[in-house]
Amino acid sequence: MNPAFIFSGYEGLISGLMNQPERIYLSPPHLDGDEIELVKEALDSNWIAPAGPQIEEFEKELAAYHQVQHAIALNSGTAALHLALILAGIKPGDLVLCSTFTFIASANPIKYLGAQPVFIDAESESWGMCPSALQNALESYQHIGIKPKAVIVANVYGQPANLPRIKELCEHWDVILIEDNAEALGAELGNRPSGAFGIFSVLSFNGNKLVTSSGGGALLINDSEHAEKALLLATQAKEPGLGYTHRHLGFNYRISNILAALGRAQFAKLKHRIMLRRDLFSQYQQQLSDLPIKFMPEPSWARSTRWLTCLTLSPDCRVSPQEICEGMEQENIECRPAWKPLHRQPLYRDAEYFGGMVAEDLFHRGLCLPSGSDMAEAERNRVVTTFRSLIH
Ligand SMILES: *Cc1c(COP(=O)(O)O)cnc(C)c1O
């Protein structure tokens, strides 16, 4: 019935043969059986196509939740970012300012378009983009007569960046704000969900995200013309009418009806899944409170989903996050160091950077613990015990 269950049963068999405890994943999909109903409905309706009623419903639900006019469901978050940048009018050579402390997918679409990423440091309060480093970048470019076209701000590990402040800066400097909310679906700032602040906002339903359709994403837009254009570009830019007429360079970026059904079933559980992840975070916090570590802070103005439980080792710890991850791996537990800043990636060696050492420091001391929303107590205890044994 539950594919994840069958899969983990098989894993158990293999690890049993190898005399290893069962693997604990960083953020595995959490299925509870309700998915099968909606996927069956999609199959029964015979809409086995990249179109269909499940997509329309999914889009309505996503738009309503985020209080935006339009949601366009796509086959990945990366595709959504790519379309956002095209709609923002990004051309070869343009400058796009981007969070440095994030997954590489936040920045790669800048390069797809031949534009130049400029990376901005994180702040320690939210681990999101530092507003003063952003301001500094905008001012510095103005001094030399260059106008950056867009800002991509990533909300990392379930937590919104200081979006009100960043939005204000973008409005003041007339730069298009793109919100990469791939990791923070369901997070809130006051009464507003994250994903509601960008001119364009991006969601991801990849396998390890809080809500998954196995693969998928969405682009959130208020402007109707932009939304129409996004839909056109996502469907090979086929102009309306019988003949295949193409004026624009399009892509095959639409989600399938089957995956939209899976996404809908998962999205319906969003609140519950956030509660489970936040609970797990507090339990780790309680069980590890005596160690020389600091859990990821939550700023007063935001409510994180705690998609991943993240922490930093205190500077006097004699082990590195890398060594801890390796030690956990020995016990078949998947952990991950915090994001390596993008301006430190070989791919982006030549990119400009504004800021100090916040992202770098998070990378050198930060790590993520297994954070699945259906983790059993015994599994959590195994993580806690192993982690403890590695800290010195
Ligand atoms: C997962 C992720 C993406 C990309 O989403 P996909 O659906 O995997 O293409 C983009 N940005 C961030 C910050 C992510 O974590």
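The values are calculated or read from the model by the stated rules, or taken from the named source; none is laboratory data. None of the values given here were measured: they were computed from a predicted structure. No Cβ is skipped: glycine too gets one built from the backbone with ideal geometry, and neighbour counts run over all protein chains shown. Surface accessibility is based on the protein's heavy atoms, side chains included, excluding ligands, DNA and RNA. Shrake-Rupley method; radii C 1.70, N 1.55, O 1.52, S 1.80 Å.
Reported count of residues in the range 91-104, each being among the hydrophobic types (A, V, I, L, M, F, W, C), within 14 Å of the ligand (Cβ to nearest atom) and over 13 Å from Ile178 (Cβ atoms), is 3. Exactly one residue out of Glu123, Glu139 is in contact with a helix residue (DSSP H, G or I) (Cβ under 7 Å, 6 or more places away or on another chain), of a type in the set (Asp, Glu) and open to solvent by 10 Å² or more (accessible area, probe 1.4 Å), and it is Glu123. Counting only strands (runs of 3 or more DSSP E) that sit wholly inside the range 283-387, those with at least 1 residues that are charged (D, E, K, R) and within 22 Å of Gly128 (Cβ to Cβ) are 293-295, 352-354.
Residue-wise test of (1) in contact (Cβ under 8 Å) with a residue 40 or more places away in the chain; (2) farther than 30 Å from Ala150 by Cα; (3) not hydrophobic (A, V, I, L, M, F, W, C).
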| site | (1), (2), (3) |
| --- | --- |
| Leu210 | yes, no, no |
| Ser214 | yes, no, yes |
| His246 | no, no, yes |
| Ala261 | yes, yes, no |
| Arg277 | yes, yes, yes |
| Gln287 | yes, yes, yes |
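Of all residues in the range 136-170, those satisfying the criterion of being part of a helix (DSSP H, G or I), under 20 Å from Ser126 (Cβ atoms) and away from the ligand (no atom under 15 Å from the Cβ) are Asn136, Ala137, Leu138, Pro164, Arg165, Ile166, Lys167, Glu168, Leu169, Cys170.
Among all positions in the range 208-215, there is no residue which is among the β-branched types (Val, Ile, Thr) and closer than 19 Å to Pro299 by Cβ.
A single entry from Ser256, Ser214 fulfils the requirement of being within 13 Å of the ligand (Cβ to nearest atom), open to solvent by 20 Å² or more (accessible area, probe 1.4 Å), modelled with pLDDT under 95 and in the same structural domain as Trp127 (by TED's automatic domain parsing): Ser214. Selection over the range 339-364 of residues that are touching a Lys or Arg at 6+ places or on another chain (Cβ under 8 Å) and open to solvent by less than 30 Å² (accessible area, probe 1.4 Å) gives a count of 1. Inclusion of Cys130 among residues that are modelled with pLDDT of 95 or more and more than 30 Å from Ile55 (Cβ to Cβ) is warranted.
Can you tell me which residue among Leu62, Leu95, Leu43, Leu74 is under 25 Å from the mean Cα position of the chain (by Cα), of a type in the set (A, V, I, L, M), farther than 30 Å from Glu188 by Cβ and at pLDDT 80 or above? Matching residue, one of Leu62, Leu95, Leu43, Leu74: Leu95.
Restricting attention to the range 56-81, the residues that are away from the ligand (no atom under 16 Å from the Cβ), open to solvent by less than 10 Å² (accessible area, probe 1.4 Å) and either among the β-branched types (Val, Ile, Thr) or in contact with a helix residue (DSSP H, G or I) (Cβ under 8 Å, 6 or more places away or on another chain) (or both) total 0. Checking each residue of the range 173-184 against the condition of being within 16 Å of the ligand (Cβ to nearest atom), of a type in the set (Phe, Trp, Tyr) and touching a helix residue (DSSP H, G or I) at 6+ places or on another chain (Cβ under 6 Å) gives no match.
What number of residues within the range 314-329 are small (Gly, Ala, Ser) and open to solvent by less than 20 Å² (accessible area, probe 1.4 Å)? The number of residues fulfilling the criteria is 1.
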